[in-house]
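First up is the structure itself, then whatever we jot down about it.
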Amino acid sequence: MVAALFATLTACNNEPTFTVEGHVTGAADKMLYIEHAGLSGIVPLDSTRLKSSGDFRFNPPQPESPEYYRLRVDNKTIHFTVDSTETVSIDANYDKFSTDYQIGENENNQKIKELTLLLADLQTKVNKVSGSGLPAGLAQDSLMNLINRYKDEVKRNYIFVGPNKPYAYFALFQQLNGYMIFDPLNNKDDVKCFAAVATSMNNLYPHADRSRNLYNMVIKGMKNTRTPQVKEMSLPSEIVRETSLIDIPLMDIKGETRHLTDLKGKVVLIDFTAYQNGQSAGHNLALRELYDKYAAQGFEIYQISIDADEHFWKTASDNLPWICVRDPQGPYSSYLNIYGVTQLPALFLVNRNNELSQRLGEKDNLEEALKKLL
């Protein structure tokens, strides 16, 4: 059994682990997966084929700070958080796997379950309004009222009541139909929610990737939502440069996590793309000419694929000379929402100070804009 082998190997290496155990009824012969919901996407950790008893046990490595995981059977998931060598007990039935389950007594995981149920209820209501046949204007008003009531409840009962809790962070990133419910970049009230959690996380876990990423999002959101009447805060320029860009940590074809913020000192072209798009070949050919011409002057391309087919992405990007990463969330990538991407390809230029300099439109001359930054 894969789970048993995994536990044996980690025990032999004397690495601290946490335990996830329990049973799933009505799922005999189905594969049960435990996955890490990291900043770079969903990463499989272990799996086991369930027997008639439904019993399971996993022992993944202990995280250094609170992290988020999920159990998955088919397309059904249970989300939970872990921050130590604790034991998480989960009992569920296959038919109602994602909603009707028992998960120990940990406050964070109980709250994550509550948030999951609240979101499922919101999704049901949204689907009902969308299929009601109401005129477009009335339907839109009804949908916004539903979403705003949901956000008010989550802010009051989950975010501001415990901004230092892992469940508050989980609440910030819930999605409805693939879009983030809380907007960290363009909604001033939502930015306050992110700021409350970011401040708490930065105090508790200052070196964690999640803390740094969340803080960068808040800085960008504050800039975007600052009104002209508000006097800008005077900050040392080196601090502004370090935090002015929202990091994107994704894995390249070799499995190495590549941070966008690690490219400080270079002029970077962020390119959201899909290799399966019919225009991809011509698009990459044009980028290749620019890269060959200006790479020696400090030009780099950070190309983000949202292709659903990982094998196709690896094959298509294998011979490209720049940084090629892929978001396993595909078209549901949170980075598409964060950067406001609505069509592909989408191009952004970053200057040598790690500052987002320009979003390029169809009529913009990429080479001219690049030469100014170089």
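The table that follows gives values for the structure above.
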{"quantity": "Out of Ala92, Ala139, sole residue that is more than 30 Å from Asn213 (Cβ to Cβ), open to solvent by less than 70 Å² (accessible area, probe 1.4 Å) and assigned to a strand (DSSP E or B)", "calculated": "Ala92"}
{"quantity": "Test result for Gln123, in contact with a strand residue (DSSP E or B) (Cβ under 7 Å, 6 or more places away or on another chain) and more than 22 Å from Glu21 (Cα to Cα)", "calculated": "yes"}
{"quantity": "Residues (among the polar types (S, T, N, Q) and open to solvent by 10 Å² or more (accessible area, probe 1.4 Å)) located in the stretch 288-304", "calculated": "Gln297"}
{"quantity": "Filtered residues of the stretch 310-335 (kept if open to solvent by 20 Å² or more (accessible area, probe 1.4 Å) and in contact with a Phe, Trp or Tyr (Cβ under 8 Å, 6 or more places away or on another chain))", "calculated": "Phe312, Ala316, Pro321, Arg326, Ser334"}
{"quantity": "Options Asp271, Asp262, Asp307: the member that is under 17 Å from the mean Cα position of the chain (by Cα) and either modelled with pLDDT of 85 or more or surrounded by 17 or more Cβ atoms within 10 Å (Cβ to Cβ) (or both)", "calculated": "Asp307"}
{"quantity": "Count - residues of the stretch 6-33 that are of a type in the set (Ser, Thr, Tyr), over 26 Å from the mean Cα position of the chain (by Cα), at pLDDT below 95 and open to solvent by 30 Å² or more (accessible area, probe 1.4 Å)", "calculated": "1"}
{"quantity": "Leading residue by the ranking (nearest to the chain's Cα centre (by Cα)) among those in the stretch 169-197 that are of a type in the set (A, V, I, L, M, F, W, C) and outside any helix (DSSP H, G or I)", "calculated": "Phe173"}
{"quantity": "The stretch 126-167, residues that are out of contact with any strand residue (DSSP E or B) (no Cβ under 9 Å at 6 or more places or on another chain), of a type in the set (A, V, I, L, M, F, W, C) and within 15 Å of Ile181 (Cα to Cα)", "calculated": "Leu143, Met144, Leu146, Val154, Ile159"}
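The values are calculated or read from the model by the stated rules, or taken from the named source; none is laboratory data. Just so you know, these numbers come straight off a predicted model, no measurement behind them. All Cβ positions, glycine included, derive from the backbone under ideal geometry; neighbour counts span all protein chains shown. Just the protein is used for accessible areas: all its heavy atoms, side chains included, with ligands, DNA and RNA removed. Shrake-Rupley method; radii C 1.70, N 1.55, O 1.52, S 1.80 Å.
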